[in-house]
Amino acid sequence: MKKWVIGWGVVSSCNMNCKFCYSRDKRIKEKDLEPKYWYQFIDKNASYIESINYGTGENSLSQDWFDFIDYIRSHYPHIIQSVTTNGYISEVIQKSEKNKDIFLKSIDEIDVSLDYADSDQHNNFRGQKNAYRWAMNMLDFCHKNHKRLTIVSLGSDLVLTKENMSGIFKIADQYDAMLRVNIYRPTNGINDFSKPFLLSKERLVKFLKWTFENHKILALDDAFLSAVVLNKKNSDPSGVNSLRILPNGDVTPSTYLIQDNFIVGNLKDDIDLRKIEKLKDSKLEQIVQNVIPKECQNCQYVTMCEGGVIDRRYLWNHSLESKDPYCFIEDEELMKMVKDIVTSGEEIQSVHDGYLPTMFFKN
């Protein structure tokens, strides 16, 4: 029986003001779905769900979220639950013993967003004067309570400098946490707003080489990078075994493909995951179809890469007919830099492993 890995933002509220936020416009424009539909979806589909990661807004701003994760753990304990947080959860559970107990009982894995090792830089980047303190408090709390812990940083030229990432790796080591990096996605197109946050191919390759030489690469869950750097096939999971649910109840095939033309349904429609799996000639199937761009057909990596990451191809090229924008196989210098890179061989325990194109590292 097929089981889905779900990313779910149950609330749109957030107490940060991150200029790079991929979901800002969507969250501002739409009204949050009533919690009764959360429960309706879970009760109907729990048997077909492997895990849920709560992201998008800061979910701990809603008491409904605490009640919901408690309900899932009590009624459907087989579902692995994780959360990506800016750290504010640490503030909420200090004020409520009930919510603290619910959190410790219900959440199996925590991602803490931390982009800069320097407090002032992180606070400025997140548009919140308490961002760094909240993140560090959350790391400390989770470490003391033996929770599976990951630091997640934005893959941007601004963030992935040797100086900054050396500090991030030190913090991760201090709290026995993995480090995960998501390459920045311009969900509203490449424009003056998004350009400052883009990650260049050169910075990406230099970061991978530096990390390999000084730390550990655990996994590159990225169709292009896995094929070219590791010589390993890692198919894009978007819409195949992973879905995204937005705060207004819209369902999309990817964390980053959240515009109206990618919506395959809404929780109000009483979605049945069994039917989504079997839909033919549907919008979902059209989005995740395996289209090999003509320019890739004679490439030595084509059977492993398959054109690259689906969401990047849509967001940069507006089509699957063009290759991954991060393809650097024609750049001899960059290809030479990644030639000897391998993973550490260590096993990863994370709901994000195989959920979306991302990268895992460790000190």
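What follows draws every value from the coordinates through simple rules; no lab data is involved. On a predicted model such as this, the values are computed, not experimentally measured, just so you know. Note: ideal-geometry Cβ built from the backbone for every residue, glycine included; neighbour counts use all protein chains shown.
Between 249, 155, 127, the Gaussian network model of the chain with springs among Cα atoms under 10 angstrom shows the greatest mean-square fluctuation at 127. Between exposed GluC sites (Glu not before Pro) in the chain, where DSSP calls loop and at most 11 other Cβ atoms lie within 10 Å, what's the longest gap? The longest uninterrupted stretch comes out as 1-329. For residue 242, the residues 5 or more places off, or on other chains, whose built amide H falls under 5 Å of its own are 5. Distances between placed amide hydrogens fall under 5 Å for residue 182 paired with 153, 155, all partners being 5 or more residues away or on another chain.
With r as the distance between the Cβ atoms of residue 3 and residue 67 and R0 = 25 Å, compute the FRET efficiency 1/(1 + (r/R0)^6) and round to 0.05. Don't skip to the end; give the middle numbers.
Details: r = 24 Å, r/R0 = 0.97.
The calculated FRET efficiency here is 0.55.
Cα centroids of the stretch 107-151 and the stretch 160-218: 16 Å apart.
From the Cα gyration tensor of the chain, with a ≥ b ≥ c the square roots of its eigenvalues, which class applies: rounded if a/c is under 1.5, or else prolate if a/b is larger than b/c, or else oblate?
Values: a/c = 1.61, a/b = 1.14, b/c = 1.41.
The shape class here is oblate.
The modelled label-to-label distance for the pair residue 339/residue 303, using points 7 Å beyond Cα in the direction of Cβ, is 2.4 nm.
Near residue 324, once Lys and Arg are set to +1 and Asp and Glu to -1 for all other residues with Cβ below 15 Å from its Cβ, the sum equals -2.
Computed from label points 7 Å out along Cα-Cβ, the spacing between residue 349 and residue 162 is 3.5 nm.
Here are some pairs, 206/339; 100/147; 36/268; 31/105; 162/201; 162/206; which of them have Cα atoms lying more than 19 Å apart in this structure?
Over 19 Å apart, Cα to Cα: 31/105.
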